[in-house]
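Below: the structure, in structure tokens.
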Amino acid sequence: MRPILECQSLTKKYGSDYALFGVDLALGRGQIVGLLGPNGSGKTTLIKLINGLLTPTEGRILVDGQAPGVETKKIVSYLPDRDYLSRHMRVKDVLAYYMDFYKDFSAENSSRMLDALEIDRKARLSSLSKGTKEKLQLVLVMSRNADLYVLDEPIGGVDPAARDYILQTILTNYNENATILISTHLIADIENVLDRVVFLSAGQVTLNASVDEIRTDYGKSVDTLFREVFKC
Amino acid sequence: MPWDLDNDRPIYLQLMERIQHDIISGVYKPGDKIPSVRDLALDAAVNPNTMQKALSELERSGLVYSQRTSGRFITEDETMLKKMKTELAQQHIRDFFEQMHQLGFSDDETLEMMQKTLKGEKQ
């Protein structure tokens, strides 16, 4: 089966600086992948390239065999690393918005998650706390029945209890053919739910291995390995 | 409640151990159906593929068998269950002696201390 995401010698330059340099990467379906790397290593650049918000300087990026565009946006559910919803909207308006936009949006799933997280549908976004807004955005993204979920720092701003719920949400809502790519610094929190990890360092892939391969080969957790590899 | 897992060892191995432990301690009885991969993964808060691997390994060892449509079951082979129990006990004993060696006690000294402890004597 063809990979859901494929990068071939993918390079992105900002001015004369390389954000990504010659990245070759293929992700198969049905896995949860951690995209890990220190600040400025190119994680968000890669994620923006997947979503067509940036175009490659050189090389190619393919989502389900196609260059990012209208067709790939139908199958990619993207959680950006900042909030992108209008502050003046109410939760229920945002839900209606997503229903209109995405054929694969499940109102049933979103309702269940909103109830569990006790998010008031009548509340205006401007009245929600930072953490609640993040939860809402994650609910929107995970309520879609997508082939590829791209989550940029999904758990950074929420408390540990909500973090557990969010990880559970991710585990419950993804189907066996979907792939989830998660970028995060909170490795220890998500390590157990990952199939594999990709380490990015200064715009290059330095490691692409399964969590259990790392534990077998190095005798340490991904979190510990990361701290050693990227020691300041 | 997520399962309590160590950081430095492969996750699937720890999942296997946990399920073996659940079988020995009677959470699952011989012939019991075990929950689906997805439910077990959710309960443990681990990746479903990792849980799948743990169950496949248990299946390979014969401790668990699958019936094509109805799911996975614990073996009813009492000899095998007894063997697993013995092996686990031996492992614990080896670990214990290893720790005592690190504390500087020989096997004989350790045995002597164990007997005294059993008799309730103070060292």
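The values are calculated or read from the model by the stated rules, or taken from the named source; none is laboratory data. It should be emphasised that the depicted structure is a prediction, and the values quoted were computed from it without experimental measurement. Quick reminder, even Gly has a Cβ in these numbers, built from the backbone with ideal geometry, and neighbours come from all protein chains shown. Ligands, DNA and RNA are stripped out before the accessible areas are found, and what is left, the full protein with its side chains, is counted by its heavy atoms. Shrake-Rupley method; radii C 1.70, N 1.55, O 1.52, S 1.80 Å.
Computing FRET efficiency as 1/(1 + (r/R0)^6) for A:Ser129 and A:Asn208, where r is the C-beta to C-beta distance and R0 is 30 Å, gives about 0.25. According to the Cα-based calculation, Rg over Rh for the stretch A:6-90 is 0.99, with Rh computed by the Kirkwood formula.
How many square angstrom of accessible surface are buried between A and B, both sides summed, with a 1.4 Å probe and rounding to 100?
1400 Å²
When the Kirkwood radius is taken over all Cα pairs of the stretch A:5-229, what Stokes-Einstein diffusion coefficient follows at 4 °C and 1.567 mPa s, in µm²/s? Answer from the Stokes-Einstein relation: 72 µm²/s.
Looking at the stretch B:79-119, the pairs of alpha carbons with a distance over 17 Å make up 43% of the total. Packing around the peptides B:74-83, A:30-39, taken as the average count of other Cβ atoms within 10 Å per residue, puts them in this order, highest first: A:30-39, B:74-83.
Relative to the longest principal axis of the Cα atoms of chain A, the long axis of helix A:107-116 lies at roughly 90 degrees.
How large is the accessible surface per residue of the stretch B:79-119, computed with a 1.4 Å probe and reported in Å² as a whole number?
On the way: 3500 Å² over 41 residues.
It amounts to 85 Å² per residue over the stretch B:79-119.
Per residue of A:218-225, what is the mean number of Cβ atoms on other protein chains within 10 angstrom of that residue's Cβ? Provide the component values of the computation, followed by the final result.
On the way: counts 1, 3, 3, 6, 1, 1, 2, 0.
Shielding by partners across A:218-225 averages 2.
Of the solvent-accessible surface of chain A, computed with a 1.4 Å probe and all protein chains present, 48% belongs to carbon and sulfur.
Separation of the stretch B:80-100 and the stretch A:154-232, taken as the distance between their Cα centroids, equals 33 angstrom. I'd like the orientation of helix B:48-61 relative to chain B: the angle between its Cα long axis and the longest Cα principal axis, in ° from 0 to 90, rounded to 10. Between helix and principal axis, roughly 70 degrees.
Expressed per residue, the C-alpha convex hull volume of chain B stands at 150 Å³.
Report in % the part of the accessible area of the stretch B:27-123 that belongs to carbon and sulfur, leaving out ligands and nucleic acids; probe 1.4 Å.
After summing per-atom areas, the C and S share lands at 53 percent.
Using the Cβ of A:Ala161 as centre and a radius below 13 Å, the other residues enclosed give a net charge of -2, where K and R count +1 and D and E count -1.
Only helices enter the 222 nm calculation for chain A: every DSSP H run of n ≥ 4 contributes -39,500 (n - 2.57), and dividing by all residues gives -9500 deg cm²/dmol, rounded to 500. Taking the three principal axes of the alpha carbon atoms in the stretch B:11-76, the coordinate ranges are 28, 27, 20 Å, sorted in descending order. Taking only Cα atoms, what is the 0 to 90° angle, nearest 10, from helix A:91-101's long axis to the longest principal axis of chain A? Here the helix axis deviates by roughly 60 degrees.
Short to long, the 5 Å bins of the Cα pair-distance histogram for the stretch A:137-179 hold 5, 22, 34, 25, 10, 4 percent of all pairs.
Per-residue mean of other chain beta-carbon atoms within 10 angstrom of the beta-carbon, peptide A:92-104?
On the way: counts 0, 0, 0, 0, 0, 0, 0, 0, 0, 0, 0, 0, 0.
Whole-number average of other-chain Cβ neighbours for A:92-104 is 0.
When the Debye formula is applied to the Cα atoms of the stretch A:181-232, each taken as the same point scatterer, what base-10 log of I(q)/I(0) results at q = 0.16, 0.31 Å⁻¹? Each listed q maps to, in turn, -0.42, -1.58.
Measuring against 25 Å, Cα to Cα, the residue pairs A:Lys133/B:Lys53; B:Lys29/B:Lys53; A:Lys48/A:Lys220; B:Lys82/B:Lys116; B:Lys53/B:Lys83; A:Lys43/A:Lys92 contain A:Lys133/B:Lys53; A:Lys48/A:Lys220; B:Lys82/B:Lys116; A:Lys43/A:Lys92 as the ones spanning a longer distance. Its Cα gyration tensor gives the stretch A:102-213 an equivalent ellipsoid. The semi-axes, each the square root of 5 times an eigenvalue, are 26, 17, 13 Å from largest down. Accessible surface calculations at 1.4 Å, restricted to protein heavy atoms, place the stretch A:20-82 at 41 Å² per residue. Taking the Kirkwood radius as Rh and the Cα radius of gyration as Rg, the stretch A:49-179 has a ratio of Rg/Rh equal to 0.97. The mean number of Cβ atoms from other chains found within 10 Å of a Cβ in peptide B:40-50 is 6, as a whole number.
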